[in-house]
Every structure is written in C-alpha cells, then in structure tokens.
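Everything below concerns the one structure shown next.
The values are calculated or read from the model by the stated rules, or taken from the named source; none is laboratory data. Keep in mind that this is a model prediction, so the values were computed, not measured. Glycine gets a Cβ as well: all are built from the backbone with ideal geometry, and neighbour counts include every protein chain shown. The accessibility values were calculated without ligands, DNA or RNA, using every heavy atom of the protein model including side chains. Shrake-Rupley method; radii C 1.70, N 1.55, O 1.52, S 1.80 Å.
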Amino acid sequence: MHALRQPPNRRRALFAGLAGVGALAASAVAWKFYAPGADPRAAGQALPDDVCVVAPPTPFDPASGQRLEAPRAIPTDARCPVCGMYPARSAEWAAQIIFANGDAHFFDSPLSLFQYLADVAKYSQGRTAQELVARYVTDAETKTWIAAETAMYVDGSSARGPMRAGNLPAFASTEAARRFAERRGGKVLAFGQVDAAVLERLAPGRTEEPHTHEAHSTN
C-alpha cells in the first residue's frame, strides 16, 4: 500500500506555519511581547530590563552630496536607541545626532535625545559624547531641523509626544517658545537647562543602569 500524500497546498501551509513559529520563538529571545494597549511605551513608561532595544546607527552615504554633519532625512526603518520607536512615524517630534565618522542615530523626540546625551555609553557602547559633530531637533513650528544646542524647549506644557506623555517641544527662538508656552502652558528652557531633574520627572526610572547589550551587538 502506498502512503497517502498530502496535497501540495497543505504541505506548503504546514511548512509556513512551522517557520512562523520558529521566527516568533527567536524574536522572543530579545523582545517581550505586550497585549494591545499594554506596551509601557504607549504611556511614556520605561521599558523593563528584559527588553533590549537594538538600534544600529545609520552610516553616512558619501554619494548623497550632503556634508557629513548636515541633518538627514529619517530612514523609515531607523529605530530610536532609547525607546525603540520608529522616529519616521512621528517626524514632527524627531531628533538626530551625527558622529565624527558619519554614523547617525535618530530619536522619536527631544526627550529621548536628551536621555541619550546624558549617557551616550549607555545606549551606544564604546562611544562618547565627544565624538558627536552635530545634534538636531525638529522645530515645532516649521517642522524643519534646527541645531539642538541653540533651540529653546518648553517643559511642562499640555503637548504630548509620541509616547502620549509629556515631552520637550523645541523652537528656533525664545519668542516662539514663549508664545507656545502662553497657549499650552509650561516653562521655556535653554539647551543647558534640561538637566537630570527634568529628565527624571518626564521619564521616571529611565536613568537606571541598563542591562548589557553584548549578546545583541550588531558590530
């Protein structure tokens, strides 16, 4: 007697299902999954220590015709090294940094940028803030890139960032920031005034020591 053969379509479906289970299991090693509405990032909370954000830098493209330190368009697949979100999906809040070798990181918001700058080695092992040649934030009025160091920020306004929580909308001038604060509340801060106390209040617990990322290195 001959063994019954499964129809080709059924075999393909079986193999696809097994492959899907394998991919899910592999991804679960590095990521913790959340039920709809339960992801702490949606409430502006810190990711737990068992979640590893892998966000490789975007290298400089010499063929782009841009200066190495000039602001760049956000790649759709770029992830924020602080929270893991996709900055291209909230471009009106985005920020970016550029290292001397041309590598760039993109952030979902000014808040994430400041958290990164407060401890570069925490999010990019082996790197320091001294290697940075440019830092940019998005002007909340014009939606264009402006230098992070000369921008003015509004802390404590009713504006909600990509995580639907308080953030630091940026402006090209003090006057623009004051106009915004008059409408939406908050206090105008210069770049150097965004200190550890401000970051801890906006993102409680996000200043704790991180787990090691050695097992997930992309270098």
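On inspection, ARG79 passes the criterion of being basic (Lys, Arg), farther than 20 Å from ALA147 by Cβ and at pLDDT 95 or above. When ALA70, ALA88, ALA46 are screened for being part of a loop (DSSP other than H, G, I, E, B), among the aliphatic types (A, V, I, L, M), at pLDDT 95 or above and open to solvent by less than 50 Å² (accessible area, probe 1.4 Å), only ALA70 passes. None of LEU168, LEU199 is modelled with pLDDT of 95 or more, of a type in the set (A, V, I, L, M), touching a helix residue (DSSP H, G or I) at 6+ places or on another chain (Cβ under 7 Å) and assigned to a helix (DSSP H, G or I) except LEU199. Pairs are defined by a Cβ separation below 9 Å, a sequence spacing of at least 6 or placement on different chains, a first member in the stretch 122-149 that is in contact (Cβ under 8 Å) with a residue 60 or more places away in the chain and under 16 Å from LEU68 (Cβ atoms), and a second member that is part of a loop (DSSP other than H, G, I, E, B) and open to solvent by 30 Å² or more (accessible area, probe 1.4 Å); the pairs so defined are VAL133/LEU68; VAL133/GLU69; VAL133/ALA100; ALA134/LEU68; ALA134/GLU69; ALA134/PRO71; TYR136/PRO71; TRP145/PRO71.
Considering (1) open to solvent by 10 Å² or more (accessible area, probe 1.4 Å); (2) at negative phi, the lone condition that ARG164 does not fulfil carries the number (2).
Looking only at residues in the stretch 153-208 that are under 19 Å from the mean Cα position of the chain (by Cα) and among the small types (Gly, Ala, Ser), the one that is nearest to ARG89 (Cα to Cα) is GLY161.
Filter the stretch 116-154 down to residues that are hydroxyl-bearing (Ser, Thr, Tyr) and open to solvent by 40 Å² or more (accessible area, probe 1.4 Å), then give me how many there are. First the steps, then the outcome.
The initial filter retains those residues of the stretch 116-154 that are hydroxyl-bearing (Ser, Thr, Tyr), namely 116, 123-124, 128, 136, 138, 142, 144, 150, 153.
Then drop every residue that is not open to solvent by 40 Å² or more (accessible area, probe 1.4 Å), which leaves 123, 128, 142, 144, 150.
Counting residues in the stretch 116-154 that are hydroxyl-bearing (Ser, Thr, Tyr) and open to solvent by 40 Å² or more (accessible area, probe 1.4 Å) gives 5.
Residues that are in a helix (DSSP H, G or I) and open to solvent by less than 10 Å² (accessible area, probe 1.4 Å) within the stretch 91-113 comprise PRO110, SER112, LEU113, listed in sequence order.
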